Amino acid sequence: MSSLYWQTVGEGDTDLVLLHGWGLNSGIWHCITERLSPHFRLHLVDLPGYGHSRGYGAMSLKDMAEIVLQRAPEKAVWLGWSMGGLIASRIALDHPERVTALITVASSPCHIEQADEKWPGIKPAVLAEFDRQLNVNFQQTVEQFLALQTLGAPTARDDALRLKQVVFSAPMPEVEVLSSGLVMLELNDLRAELVDLKLPFLRIYGALDALVPRRVIPMLDSLWPCSYSVLINKASHAPFISHSKVFCAEILFFSLIYNCK
């Protein structure tokens, strides 16, 4: 029997749903809940098949988005990190009436490099190798991916350790769930769809991110002129961990400007 893990904390008037990335769980947000909880009602979700959300197998981006939306408040700000950014974006596109504002963190509408378009992203061969290794050495593959997410940041070693602690503090996802997550990153391209998004839209990036290169920022600024982008210096793929104070300040500033209630 499937069961979605959902925890609500905070004293604010605004609902903020937080969606984690590939291989992890909602524990990653504990480093910012204290700063944000006075201002928001935070909804910490383990995506289907991850952490304590058990009983789910491989699924598409649309299916995962619909499952998460079923438990969500009637109206909320949606924040998604990395793969979670794709899910939050899918929800905003399919159900804009349920979304007050969209925030993506170290995420891309197209995570895979498109060489013919000079689009920066993860090389297809790298993603394919991660998928192959999942069936060879499951734990080592996940740990390598976590290390890649903090690469370059001044606090990389501590950040990688924190991510590792979060991963192994909850039940590990099944290989088929992780593999389908990689397929989700590979197959989905939301660049064109998000052009017409009418909601307040904030994009946060790390200047040293190896998975979502900073070169994508001006390309999306041009493609989505109604969105707002922020680059956090010396941050990598997990800016909310390495630069939690700056990160939270950007969330609060954005919420204040757009009166996200």
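The values are calculated or read from the model by the stated rules, or taken from the named source; none is laboratory data. Everything numeric in this text was worked out from a predicted model, so none of it was measured. Every residue, glycine as well, gets a Cβ built from its backbone with ideal geometry; the counts of neighbours run over all protein chains shown. With ligands, DNA and RNA removed, areas are computed over all heavy atoms of the protein, side chains included. Shrake-Rupley method; radii C 1.70, N 1.55, O 1.52, S 1.80 Å.
Output the residue which, of all residues in region 225-249 that are among the aliphatic types (A, V, I, L, M) and part of a helix (DSSP H, G or I), is modelled with the lowest pLDDT. Only one residue tops the list, namely 241.
Would you please name the residue that is most open to solvent (accessible area, probe 1.4 Å), looking only at residues in region 244-257 that are of a type in the set (Val, Ile, Thr) and farther than 13 Å from residue 104 by Cβ? Top of the filtered list is 257. When residues in region 27-38 are screened for being at pLDDT 95 or above, in contact with a helix residue (DSSP H, G or I) (Cβ under 8 Å, 6 or more places away or on another chain) and either part of a strand (DSSP E or B) or open to solvent by 10 Å² or more (accessible area, probe 1.4 Å) (or both), 1 of them pass.
Exactly one condition in (1) open to solvent by 10 Å² or more (accessible area, probe 1.4 Å); (2) in contact with a Ser or Thr (Cβ under 9 Å, 6 or more places away or on another chain) is false for residue 50; which is it? For residue 50, the failing item is (1). Residues that are over 15 Å from the mean Cα position of the chain (by Cα), assigned to a loop (DSSP other than H, G, I, E, B) and either farther than 18 Å from residue 220 by Cβ or in contact (Cβ under 8 Å) with a residue 40 or more places away in the chain (or both) within region 102-120 comprise just one, 120. Touching a Pro at 6+ places or on another chain (Cβ under 8 Å) and not in a loop (DSSP other than H, G, I, E, B) - does that describe any residue in region 196-203? No, because not a single residue in region 196-203 is touching a Pro at 6+ places or on another chain (Cβ under 8 Å) and not in a loop (DSSP other than H, G, I, E, B). Exactly one residue out of 44, 79, 24 is touching a helix residue (DSSP H, G or I) at 6+ places or on another chain (Cβ under 9 Å), crowded, with 24+ Cβ neighbours inside 10 Å and either free of Cβ contacts under 8 Å to residues at least 60 places away in the same chain or part of a strand (DSSP E or B) (or both): that is 79. Does residue 49 satisfy the criteria of being within 27 Å of residue 147 (Cβ to Cβ), modelled with pLDDT under 95, out of contact with any His (no Cβ under 8 Å at 6 or more places or on another chain) and small (Gly, Ala, Ser)? In short, no. Each residue in region 190-243 was checked for being buried (at least 22 other Cβ atoms within 10 Å of the Cβ) and touching a Lys or Arg at 6+ places or on another chain (Cβ under 7 Å), and 2 of them qualify. Is it fair to say residue 145 is part of a helix (DSSP H, G or I), touching a residue at least 60 places away in the same chain (Cβ under 8 Å), touching a Phe, Trp or Tyr at 6+ places or on another chain (Cβ under 7 Å) and hydrophobic (A, V, I, L, M, F, W, C)? When the stated conditions are applied, residue 145 passes them. The residue that is farthest from the chain's Cα centre (by Cα), counting only those in region 121-138 that are more than 26 Å from residue 208 (Cβ to Cβ) and open to solvent by 80 Å² or more (accessible area, probe 1.4 Å), is 136.
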